[in-house]
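What follows draws every value from the coordinates through simple rules; no lab data is involved. Because the structure is predicted, anything quoted here is derived from the model rather than measured. Using ideal geometry, Cβ is built from the backbone for each residue, glycine included, and neighbour counts are taken over all protein chains shown.
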Amino acid sequence: MVQFNINQREIVVKLVYYGPALSGKTTNLQSIYALFNAEGRGRLMTLDTADDRTLFFDLLPLFFKTKAGYKFKIKLYTVPGQVMHNSTRRLVLAGADGVAFIADSQRSESKANNDAWHGMVENLQQNGLDSKTMPTVIQFNKRDLVDIRSDEEIAEMRGKSREPIFTAIATQKVGVLETLHGLLRETYRHLDRQEGFERKFEINEKEFLRQIFVNANTAAAGIRFGELE
Ligand SMILES: Nc1nc2c(ncn2[C@@H]2O[C@H](COP(=O)(O)OP(=O)(O)OP(=O)(O)O)[C@@H](O)[C@H]2O)c(=O)[nH]1
Ligand SMILES: [Mg+2]
């Protein structure tokens with residue numbers, strides 16, 4: 001549930017990057033960090049092992065202040081993908097307002113993707129969250145590798161999927177802003193339906209997204225002006 005501190009007029013939105021081990025969740029946050037200027041984001045906090053595997057979570061906050069004087073803090077978290085860390089994944093998911101599921105495009109990882117997806121549904125449920133209404137986007141990452149699910153397969157999935165599907169090469173900053181944009185849009189729409197976001201905080205969807213992405217270097221991510229709609 002979105003946190004709202006009435007005295008400080010601060011709204012905290014929690015978004016979680018979930019997925020199997022090594023799919024590129026931490027890399028997504030690193031690329032977002034690199035693409036945002038310092039006014040729009042805080043420090044990237046990571047807690048990992050010597051070989052760069054996430055041990056607990058990563059956290060990157062994005063900020064903006066509205067004309068009406070509300071401070072928004074968007075907290076991006078990753079979960080640790082390794083199978084043994086399931087209880088940590090469940091903890092990190094608690095209170096999530098939206099989820100980006102980072103899948104690995106390699107065919108060899110299909111089972112790992114599926115297992116992680118089912119684990120996510122179960123962990124949401126155990127946190128009292130409903131996977132059917134949770135704002136969710138899916139990213140197929142590592143599009144630069146060989147033996148991946150083809151573009152045609154992804155297009156077919158897109159036709160059937162309830163969740164918007166994005167493709168990415170997170171190491172090259174390709175597709176990460178689009179995924180984040182999609183996740184924020186889904187989350188805004190859900191929060192507006194549930195809590196009357198627009199009326200309560202005097203900000204519409206377009207302005208909400210604009211205020212966040214005004215601090216992002218879209219050109220460096222290969223996005224033309226006006227393309228993130
Ligand atoms: N080729 C390629 N490698 C990638 C891509 N994205 C991430 N990687 C690499 O995949 C490895 C794992 O990336 P991480 O971001 O640490 O993966 P993670 O999902 O956070 O892994 P856990 O924390 O263990 O769950 C690293 O070596 C990354 O550089 C990509 O788009 N293409
Ligand atoms: Mg990680």
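Would you mind counting up the charge near A68? Only other residues with Cβ under 12 Å from its Cβ, with Lys and Arg at +1 and Asp and Glu at -1.
+3
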Seminar exercise, completed: Once N204 and R224 are pulled to full extension, the length gained, defined as 0.36 nm per residue separation minus their Cα-Cα distance, is 4.9 nm
For this session: Could you list the trypsin sites (Lys or Arg not before Pro) in segment 59-129 that lie in coil according to DSSP, counting only those with at most 11 other Cβ atoms within 10 Å of their Cβ?
Result: K67
For this session: List nothing, just return the count: lysine pairs in segment 113-229, 8 or more apart or interchain, with Cα separation under 27 Å.
Result: 9
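Run through segment 153-196 and list the trypsin sites (Lys or Arg not before Pro) located in a DSSP loop whose Cβ has at most 14 other Cβ atoms within 10 Å.
For trypsin sites (Lys or Arg not before Pro) across segment 153-196 that sit outside H, G, I, E and B with at most 14 neighbouring Cβ atoms in 10 Å, the list reads R162.
Kirkwood hydrodynamic radius (Cα pairs, Å) of segment 2-136?
On the way: mean 1/r = 0.0641 Å⁻¹.
By the Kirkwood definition, the hydrodynamic radius is 15.6 Å.
Add -39500 (n - 2.57) for each DSSP H run of 4 or more in the chain, then divide by its residues: what number comes out at 222 nm, to the nearest 500 deg cm²/dmol? The partial results should precede the final answer.
Details: 7 runs with 80 residues, N = 229.
That comes out to -10500 deg cm²/dmol.
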Problem set entry | Overall form of segment 7-83 per C-alpha gyration tensor (a/c, 1.5; a/b vs b/c) | prolate
For this session: Compute the signed sum of charges (Lys and Arg +1, Asp and Glu -1) over the other residues within less than 13 Å, Cβ to Cβ, of E153.
Result: +1
Exercise. By the scheme Lys and Arg +1, Asp and Glu -1, what is the net charge of all other residues having a beta-carbon under 10 Å from that of P20?
Worked result: -1
For this session: Rounded to the nearest Å, what's the spacing between the alpha carbon centres of segment 1-49 and segment 192-229? Just the number, please.
Result: 16
Problem set entry | Pairs of Lys in segment 9-99 closer than 16 Å at Cα, counting only those 8 or more apart or on different chains | 7
Exercise. Which one of E152, E109, E198 has the biggest mean-square fluctuation once the chain is modelled by GNM with Cα springs under 10 Å?
Worked result: E152
Seminar exercise, completed: Here, M157 and Q194, labelled 7 Å along Cα→Cβ, have an inter-label distance in nm of 2.5
Problem set entry | Per-selection Rg to Rh, the chain - Cα, Kirkwood hydrodynamic radius | 0.94
